[in-house]
Each structure stands twice: as structure tokens, then as C-alpha cells.
Amino acid sequence: MTTELHILAWTLVLALVQVLLPSVLRSRETGIGYNGGPRDTPAAPPGKLTGRLMRAQANLFETLPVFAIAILIAHLAGREGTLTLWGAWLYVVARVIYVPLYAAGIPFLRSLVWLVSLFGISLVLVPII
């Protein structure tokens, strides 16, 4: 298995962590009775940290399919190389850094890190376009 595919696998682990974090916090906010029930009535709005983690998760899920498909195309086409490797690393490292920045409410730097992740996807796309 190539390094790019390993990085993709670790990105999927990150995605699972980003599903779990807001879920655990939300369960603490609403209580186990509400979460275990049918949720027929609306819950209170999420807390500040929970909301930030939910938005960070949604943000990851906007770019993850593009990243995953680009990595898979590069692999299947035999186009993996220096650009795809750098791109994969930039994407996953930026996405890991993005979570605590968003959770802490740090503006601008968070957006810069997001741009780095998009640049990483772009590097993966260059050899396959």
C-alpha cells in the first residue's frame, strides 16, 4: 500500500474522531435519555464548543470526498509521486491542525490552515489532470 493510501486511511480515522467528539459533547448537553430516545422534540441549541466541533466536522466532510477520490484516481492511474505525496501530507496535517484551531475559536489562522488543506488537494490533482 502506498503512503498516499495510508494517509487517506488516517484521514478517515480523523473523520471518525471528528464524528465522535461533538457527539460525546452533545450527549453531555442533552442527556442520555434524550439521545437514546426518539428525539421527537427539538433539543436546546448546542453549546459553543460543541457547535464549533460540529462545524469543523461539516467542513471536513465538504473536502474529504474530493481528497479521497483524487488519491484513489492517482493510485489507480499510477500517477503517484512527489506532488501527490506532498499534497496528501499537507491535506491531512492541515486538517488535524484545523480541529483545535476551530474549537478554540481562532479566526484567520484557521482559515489559512484550511487554505493549506485545499492546496494539498490541488497538488494531488496536478498529476491526474
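FYI, it's all coordinate maths here, none of it is from the lab. Here the structure is a predicted model, which means the values were calculated and not measured. Cβ coordinates were reconstructed from backbone atoms using ideal geometry, including for glycine residues, and neighbour counts include every protein chain displayed.
Hey, with R₀ at 41 Å, roughly what FRET efficiency would I106 and L72 work out to, going by the Cβ-Cβ distance, to 0.05?
0.80
Alpha carbon centre of the stretch 34-50 versus the stretch 100-129: separation in Å?
30
Note the listed values [x] 12, 42, 37, 9, 0; [y] 13, 38, 26, 16, 7, 0; [z] 14, 48, 33, 5, 0, then indicate which one is P(r) over Cα pairs in 10 Å bins from 0, in percent calculated from this particular structure.
[y]
Compute the FRET efficiency between V126 and L16 as 1/(1 + (r/R0)^6), taking r as their Cβ-Cβ distance and R0 = 22 Å, and round to the nearest 0.05.
After rounding to 0.05, the efficiency reads 0.15.
For every helix of n ≥ 4 consecutive DSSP H residues, a contribution of -39,500 (n - 2.57) applies; sum these over the chain, divide by its total residues, and give [θ] at 222 nm rounded to the nearest 500 deg cm²/dmol.
-27000 deg cm²/dmol
Show me the helices of the chain, taken as full DSSP H stretches, that run 27 Å or more along their long axis by Cα and average 0.0 or above in Kyte-Doolittle hydropathy.
Sorted by number, the helices that extend far enough and score high enough are 3-30, 48-76, 82-103.
What are the residues whose amide H is under 5 Å from the amide H of G47, where those residues sit 5 or more places off or on another chain and H is modelled from the backbone?
none
State, to one decimal in nm, how far the label point of F119 lies from the label point of W89, with both points 7 Å from Cα in the Cβ direction.
Going by the 7 Å Cα→Cβ label model, 1.4 nm.
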